[in-house]
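Some notes on the structure that comes next.
The values are calculated or read from the model by the stated rules, or taken from the named source; none is laboratory data. Everything numeric here is computed off the predicted structure, so don't read it as measured data. Virtual Cβ from ideal backbone geometry, glycine too; neighbours counted across all protein chains shown.
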Amino acid sequence: MMRLIAGVAQHRGVRSAVRYLRLVLAWVLGLVLLGTTATALGVAVYPQVTGGQALAVLSGSMEPGIPVGGMVFTQPVDPDEVAVGQVITFVRPGGAGELVTHRVVGVDTTGLEPAFTTRGDANDVADLEPVPASAVVGTPRWVVPELGRQAAVLHSPKGLGALVLLVCAVVALAPGRPSLQESADPAGDAERPDEVRPPLRLV
């Protein structure tokens, strides 16, 4: 009888440990899902709220200050206030709409509009084409390392698939109501060895 009681207690301990582990995993995966969702929402909403842009960094021309795989959050800037030493984001002249973030190393005010000579911090020479003031779209406000890489993965088919699996895992691991089998007493009469049953009466 004592062996049976010990076995039941051990079974309950294992079941409690498994339930606790599932709860911890559900919380961890839930936090990951919450962080991923908040990041994606923030990147999508930022341009609408601030008028700036959220841009993934694809090259190392501005390292180490702006690393590859990071994300640059820009804010609008008045081209007339741009000075030497300031970092700007602009549409590359002749680049079919390509956006570039480089540092201003020279300002030419002799034309109809200011023109800026730019250079990446990691580059040895300045950019070939001067940047007209009309091509300036903003200046960096924040730089978040690795966020651009994560955003690219999230928007890929594999990233979306992983997100769906993450949601399914959170739902599967989330604690719920115990089943009828779990609610029943697995020990049965074994947990009440001292119970005295009334004798049968024969009439």
Could you pull out the residue among Leu112, Leu41, Leu29, Leu34 that is in the same structural domain as Gly148 (by TED's automatic domain parsing), among the aliphatic types (A, V, I, L, M) and on the phi < 0 side of the Ramachandran plot? Leu112
Among Ala44, Ala26, Ala9, the single one that is at pLDDT 75 or above, part of a helix (DSSP H, G or I) and out of contact with any Ser or Thr (no Cβ under 6 Å at 6 or more places or on another chain) is Ala44
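One line per residue, one yes/no per condition, for (1) in contact with an Asp or Glu (Cβ under 6 Å, 6 or more places away or on another chain); (2) buried (at least 17 other Cβ atoms within 10 Å of the Cβ):
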site: Pro79; (1), (2): no, yes
site: Gly85; (1), (2): no, no
site: Thr89; (1), (2): no, yes
site: Val104; (1), (2): no, yes
site: Leu112; (1), (2): no, no
site: Ala115; (1), (2): yes, yes
site: Asp124; (1), (2): no, no
site: Glu129; (1), (2): no, no
site: Cys168; (1), (2): no, no
